[in-house]
Amino acid sequence: MKARRTLPLALAALLLAAPTFAQSEGFALNRFDPSERGSDWFSVESLDLRGHARPALGVVFDYAHKPLVYYDRQTGDEAFVLVRNQLFAHLGGSVVLWERLRLGANLPIAVMNNGDTLDLGGGGTFESSQGAGVGDLRLGADVRLLGEYRSTFSLAAGLQAHLPTGKQDAFTGDGKVRIVPRLLAAGDISKFAYAVRAGFNYRAQQEDFDGEAFGSEMTFGAAAGVRLVDDKLLLGPEVYGSTVVSDGGDGAFDRKTTPLEVVLGGHYTLAEDWRLGAGVGPGLTRGYGSPELRVLASVEYFPAVKQDKAPEPADRDQDGIVDGQDACPDVPGVATDDPKTHGCPPPNDRDADGIFDEVDACPDDKGVASDDPKKHGCPLPADRDGDGIVDELDACPDEKGVETADPKTNGCPPPKDSDGDGIVDPEDACPDLAGPPNEDPKKHGCPKAKVVGKKIEILERVEFDTNKATIRPESDGVLQAVLEVLTKYPNIKKVRVEGHTDNRGGAGYNLNLSRRRAAAVVKWLTDKGVDVARLTSQGVGQTKPTDSNDTAEGRQNNRRVEFNIIEIEGDLEVKTK
């Protein structure tokens, strides 16, 4: 049962004073005017005008919630809903003729149409609910002016006529003919697709509605999207609307006279000839016909354009080479780069090695191609060990090896690299311990730190700032190597880090400096995760020189840090040179 509201006296007086609210003066409210069947979009045209006598049939379901609402003029709040729900099924079809002209028709069928019933206080009632019915039948024609479907730009012009088959009192028709000339453009740029339209909607029904300008309008729409899933899916937004330009243009782009909507939708092509669509979006203004929400769904049949296959060129001898390019069109042959022999039978090849006898230096012995005419088609030289180096060039013909520039080693196995550090054993100062390259042959291939006897020996000195216990950044590498040794051998339970100096300066000063430097090294290691219980530090100053303090080189050797192992749990496998 329809709802009935009793409005305040002021509102009833307003309704009675506005004859444009009378039931007999309704209009075609629905602002969604679907594109012709065959378009990739809901409201604009993709201009697929290919083929001749090519049909398209489909239905678009269109639900609008609150497309016509009266708002209080003072507060702006919703007062009552003239049309609350509209559900249309737009039945349509089109046919493309001569690759250029399209004729189309669309009949909107109102499946549901309801709203509030208003008591006008002695002046009757206002009621828009009419249930099912039909809207204004649309007939249209569009002609392509330039461009092709999915080219960068195509342009068309068209004319539509809306016949008064709908009901004014149900807000499904104007009661008068509407004429819409329009201009259409569309195109594709790689995977991006777009379409725009602009037109003029001539409405003979021009009586103001609720004191607002009503009548002929400028219409517009635009869409943009991307083609996905091998171009079967087109996804993107569409914006469409209109604005009243009659009444001297007083209503142009006013809020109530400019319904504007946006729909985010997609269309998916099934089995080439069928297309499904779905979309949803809000009204962007309070213009008459702009709903709070619109939901769209479509299904249509639009047969794909079949490309005519060009006739295959003649090939009399059936050798896969067309007669126009075949030098021997009546005798099966083979392809060659020479136009004079292309398609002709190949010359003889007695040994079947793919090299014709006329250029084969060994026509009775199967061989291989060679840049040397004297060897072309002859067997390869012997290679007893199968290493790809012929015996006459192989320094080790019975032992598989590698190619080198030295005739004495060419074809011989490469030198061993026992520790796998990339430095062969003859050049590796530590062939059993992996280490980096070093310009010093005595250190080349040796790790920066290794366990030797009761010590962790380091190849590089730990450097400090002059007369300070600050470790210089270039010593991080050698300390990192010490850290790796301590990590590798957890059964090294205690290491004493000793600091040493040369004899320059006072003995007391040197002793204190060596203590601070040894402690700095311990702190570096414990900061990196070494258990502090595994380390102890000791400074011995200048008391244990390993070289003469009379030379700069000797003094440098005496300024050092040593790592002495003082406690080991169990056996420790120590690799030494």
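Would you check which residues across segment 34-61 are charged (D, E, K, R) and crowded, with 24+ Cβ neighbours inside 10 Å and list them?
Correct list: Glu36, Arg37, Asp40, Glu45.
What number of residues within segment 39-71 satisfy the criterion of being among the hydroxyl-bearing types (Ser, Thr, Tyr) and either more than 23 Å from Ala156 (Cα to Cα) or part of a strand (DSSP E or B) (or both)?
Number of matching residues: 3.
So in segment 297-334, with the set limited to residues that are loosely packed, with under 13 Cβ neighbours inside 10 Å and among the acidic types (Asp, Glu), which one is modelled with the highest pLDDT?
Among them, the one singled out is Asp330.
I'd like the residue in segment 297-311 that is hydrophobic (A, V, I, L, M, F, W, C) and not in a strand (DSSP E or B) and, out of all such residues, is farthest from Pro67 (Cα to Cα).
Ala310
Go over the candidates Glu36, Glu78 one by one and state the one that is at pLDDT 90 or above and either in contact with a strand residue (DSSP E or B) (Cβ under 7 Å, 6 or more places away or on another chain) or among the aromatic types (Phe, Trp, Tyr) (or both).
Glu36
Can you say whether Gly554 is more than 29 Å from Pro436 (Cβ to Cβ) and among the small types (Gly, Ala, Ser), as far as the supplied structure shows?
Judged against the criteria, Gly554 is not a match.
Tell me which residues, restricted to segment 335-368, are within 24 Å of Gly320 (Cβ to Cβ) and at pLDDT 85 or above.
Within segment 335-368, Ala335, Thr336, Asp337, Asp338, Pro339, His342, Cys344 qualify.
Would you check which residues across segment 520-532 are in contact (Cβ under 8 Å) with a residue 12 or more places away in the chain and either polar (S, T, N, Q) or outside any loop (DSSP other than H, G, I, E, B) (or both) and list them?
Ala520, Val521, Val522, Trp524, Leu525
Please pick out the residue among Asn549, Asn512, Asn564 that is assigned to a loop (DSSP other than H, G, I, E, B) and modelled with pLDDT of 90 or more.
Asn549
Just give me the residues in segment 484-522 being crowded, with 16+ Cβ neighbours inside 10 Å and either aromatic (Phe, Trp, Tyr) or over 30 Å from Thr551 (Cα atoms) (or both), in sequence order.
Val485, Leu486, Tyr489, Ile492, Val495
From the list Leu7, Leu107, which residue is surrounded by fewer than 23 Cβ atoms within 10 Å (Cβ to Cβ), at pLDDT below 70, at negative phi and of a type in the set (A, V, I, L, M)?
Leu7
Please verify whether Asp372 is free of Cβ contacts under 8 Å to residues at least 12 places away in the same chain and either part of a loop (DSSP other than H, G, I, E, B) or in contact with a helix residue (DSSP H, G or I) (Cβ under 9 Å, 6 or more places away or on another chain) (or both), treating the condition exactly as stated.
Yes, satisfied.
With respect to the numbered conditions (1) part of a loop (DSSP other than H, G, I, E, B); (2) over 30 Å from Cys430 (Cα atoms); (3) free of Cβ contacts under 8 Å to residues at least 24 places away in the same chain, which one is the sole condition not fulfilled by Glu392?
(1)
Could you tell me how many of the residues in segment 283-296 are surrounded by 16 or more Cβ atoms within 10 Å (Cβ to Cβ), within 34 Å of the chain's Cα centre (by Cα) and outside any strand (DSSP E or B)?
0
The values are calculated or read from the model by the stated rules, or taken from the named source; none is laboratory data. Just so it is clear, the structure is predicted and the values come from calculations on it, not from any experiment. Here Cβ is always computed from backbone atoms with ideal geometry, including for glycine, and neighbour counts include all displayed protein chains.
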